[in-house]
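Novice: Let me give you the structure first, and then I'll get to my questions.
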Amino acid sequence: MNVLKKMFGPMDMTEGTPWKKIALFAIPMLIGNVAQQLYNTVDSIVVGRYVGDNALAAVGSASPVLNLLLVLFIGISVGAGIMVSQYFGAKQKEELSGTVGTCITLTAIASVLIMIVGPLATRPLLKLLNTPESIFEWCASYLNILFVGVAGLAFYNILSGVLRGLGDSVSALAYLLVATLLNIVLDVWFVASFHMGVAGVAIATAIAQGVSSVLCLWRLLHMKDVFVLRPRNLIPTGKHTLDTVRLGLPSGITQAIFSMAMIVVQSLTNSFGEMFIAANVIVMRVDGFAMMPNFSFGSAMTTFAGQNVGGKRQDRVESGAIQGTLIAVIVSAVITAMILIFGKYLMGIFTETAELVTLSMRLMRILAVGYIAMAVTQSLSGVMRGAGDTMTPMWISLLTTVGIRVPIAYGISWLTATEELPHGNSDCIYISLLVSWLMGAALTWILYRKGGWKKKALS
């Protein structure tokens, strides 16, 4: 019983060997990210197998629009995670309670806004993307359903972020696994049995995410030894709201910039036709698995740094940063190698079209070394965010995404355009992404070493 309580409870990361604490926290998150990726992956497999390659392209083309309109939740989630980890590390129970309550209310408000704005913006944004007519209606249907059911997605991401800030990555994992299994069952049921097509996978995802958010809220309400969520805590205070915005806004802006750049690049991607769009979807689904250790260790480093900054343990922050980054690089290298070796079998799950599998595998090879570079970027950015410096990662993302990736993608496209290839070589999409990742890792390392992030803790 004590073992279970220890697993499904907050972890104090201000004591013990740094790399062990980081690894213990990151492993459930890594498994959770696998489950999270299965949401999108199963959607793609089901529509690709039961509906066709165009339906697969439709689900993928919808992603940049979805990501753009979810930036509000990214900001709230990041701000909440940093504040929770620092207040937990400082043992400030009342401040912790106010932070959680404020974030719940802000999420509810943001959900209503997205439910209204999302369906209105869907079609104009899809037209802006030059979405092919053959997949346009499927894209619109998929997005509109997810926007109407956005509260489940929003609350899961926010509340699981709060749990991780408290050092409890196992509970968030358990609830996500339940939701993922439900999503798989509903996907197959709605699409294969009821022939609901792309709309079916969207409905299944919305239901499953709603279930996971309810489970996270239930868990938080039972953590009374750490904080108490009273009705008065749900009334946003100026301090908690401003801190959430101050810490989360740069990450929200980063995601918005990234999504806008994705929309610009998606427009170029769409110009290469349905086959390339479908290949891009497959690569991005496999990419999600390649990125998992990076995102997992990035989040673990944010919580580790936040708790130790709150607990005035700066020495542990710096030693943990190096140890955690080394582990992340090793894990990323192993997973990337496995994808390169077994990638064609993974891609064959999505489609039976041999040409599509071959094209997808070629594109994945271009990106390979970039995943190891991203391990450095995510880990050290996580440390900076946990310490309260969310601006530096934002500027790095802005430069690498807008200043490097977009110009390189369109530059290569223009330089390689011929009569046979009027839009140039399609590899430009992936070469530009690789260059931006490598530059991002170099800049992150340099600015981490400069140490400006050490002065950004909450007062």
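The values are calculated or read from the model by the stated rules, or taken from the named source; none is laboratory data. No experiment lies behind these values; they were computed from the predicted model shown. With ideal geometry, Cβ positions are generated from the backbone for all residues, glycine too; neighbour counts draw on all protein chains shown. Please note that ligands, DNA and RNA were not included when accessible areas were found on the heavy atoms of the full protein model with its side chains. Shrake-Rupley method; radii C 1.70, N 1.55, O 1.52, S 1.80 Å.
Novice: Of the residues that make up the range 106-119, is at least one farther than 20 Å from GLN209 by Cβ and part of a helix (DSSP H, G or I)?
Specialist: There is no residue in the range 106-119 that is farther than 20 Å from GLN209 by Cβ and part of a helix (DSSP H, G or I).
Condition check ((1) of a type in the set (S, T, N, Q); (2) at pLDDT 85 or above; (3) surrounded by 15 or more Cβ atoms within 10 Å (Cβ to Cβ); (4) out of contact with any helix residue (DSSP H, G or I) (no Cβ under 7 Å at 6 or more places or on another chain)) across all residues:
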{"site": "ALA208", "(1), (2), (3), (4)": "no, yes, yes, no"}
{"site": "SER212", "(1), (2), (3), (4)": "yes, yes, yes, no"}
{"site": "TRP218", "(1), (2), (3), (4)": "no, yes, no, yes"}
{"site": "PHE227", "(1), (2), (3), (4)": "no, no, yes, no"}
{"site": "PRO231", "(1), (2), (3), (4)": "no, yes, no, yes"}
{"site": "PRO236", "(1), (2), (3), (4)": "no, no, yes, no"}
{"site": "HIS240", "(1), (2), (3), (4)": "no, no, yes, no"}
{"site": "LEU247", "(1), (2), (3), (4)": "no, no, yes, no"}
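Novice: Turning to a different aspect of this structure: Has the range 47-70 got any residue that is open to solvent by less than 40 Å² (accessible area, probe 1.4 Å), closer than 16 Å to VAL198 by Cα and free of Cβ contacts under 8 Å to residues at least 60 places away in the same chain?
Specialist: For the range 47-70, residues open to solvent by less than 40 Å² (accessible area, probe 1.4 Å), closer than 16 Å to VAL198 by Cα and free of Cβ contacts under 8 Å to residues at least 60 places away in the same chain: present.
Novice: Let me ask another. In the range 87-97, is there at least one residue being of a type outside the set (A, V, I, L, M), at pLDDT below 75 and part of a helix (DSSP H, G or I)?
Specialist: Restricting attention to the range 87-97, the residues satisfying the condition of being of a type outside the set (A, V, I, L, M) are 87-89, 91-95, 97.
Subset that is at pLDDT below 75: none.
No.
Novice: Being open to solvent by 70 Å² or more (accessible area, probe 1.4 Å) and at pLDDT 70 or above is the filter here; which residues of the range 3-23 pass it?
Specialist: Correct list: GLU15, TRP19, LYS20.
Novice: How many residues does the range 99-113 contain that are touching a residue at least 40 places away in the same chain (Cβ under 8 Å) and either among the aromatic types (Phe, Trp, Tyr) or open to solvent by 10 Å² or more (accessible area, probe 1.4 Å) (or both)?
Specialist: 5
Novice: Identify, from the list GLY388, GLY370, GLY403, the residue that is at positive phi and either crowded, with 22+ Cβ neighbours inside 10 Å or of a type in the set (Gly, Ala, Ser) (or both).
Specialist: GLY388
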